[in-house]
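Below is one structure; the comments refer to it alone.
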């Protein structure tokens, strides 16, 4: 996809928790940040809500059905994505059904322990930190 520097692109990200404080990460299979750990997410398509986009992206990337359980925040820092100006709405989510699967977009997946830190692509470490802070509050 070609991105234009004069347009803002709307995206979504999902923080999927197992109820014990662990969060599901995926190893990104595409550029930018190929091979980096990230949260599942992607572009909002025309004609869908941001909530629908978030659920669809998790299904496409990890093969999971999820329900959204809350809003974490809106992330619009310039430079958060090297392809251009991207604004992401991050949601908290729980698995309804399915088992995480490997896809071209998600070459691997893993559960991150409650206080564990790993290098992450995009600004996903910030999103994860905000999620954790909200869960402690």
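The values are calculated or read from the model by the stated rules, or taken from the named source; none is laboratory data. The structure presented is a predicted model; accordingly, all values stated were derived computationally and were not measured. A quick note on method: Cβ atoms are made from the backbone with ideal geometry, for glycine too, and the neighbour counts reach across all protein chains shown.
Just a few scattered comments:
- Residue list for segment 61-78, restricted to those being surrounded by fewer than 15 Cβ atoms within 10 Å (Cβ to Cβ), touching a strand residue (DSSP E or B) at 6+ places or on another chain (Cβ under 9 Å) and over 11 Å from residue 14 (Cα atoms): 65, 74, 76, 78
- Selected residue [within 28 Å of residue 114 (Cβ to Cβ) and modelled with pLDDT of 95 or more] from 38, 44: 38
- Matching residues, segment 30-50, being touching a residue at least 40 places away in the same chain (Cβ under 8 Å), closer than 20 Å to residue 128 by Cβ and not in a strand (DSSP E or B): 32, 33, 35, 36, 39, 40, 50
- Annotation: of all residues in segment 82-104 being touching a strand residue (DSSP E or B) at 6+ places or on another chain (Cβ under 7 Å) and assigned to a loop (DSSP other than H, G, I, E, B), the one that is nearest to residue 22 (Cα to Cα) is 100.
- The residue that is farthest from the chain's Cα centre (by Cα), counting only those in segment 117-137 that are more than 12 Å from residue 25 (Cα to Cα) and assigned to a loop (DSSP other than H, G, I, E, B), is 137.
- Filter pass, residue 11 being in contact with a strand residue (DSSP E or B) (Cβ under 7 Å, 6 or more places away or on another chain), exposed (fewer than 13 other Cβ atoms within 10 Å of the Cβ) and not in a loop (DSSP other than H, G, I, E, B): no
- Residues of segment 81-103 that turn out to be within 14 Å of the chain's Cα centre (by Cα) and surrounded by fewer than 18 Cβ atoms within 10 Å (Cβ to Cβ), as a count: 2
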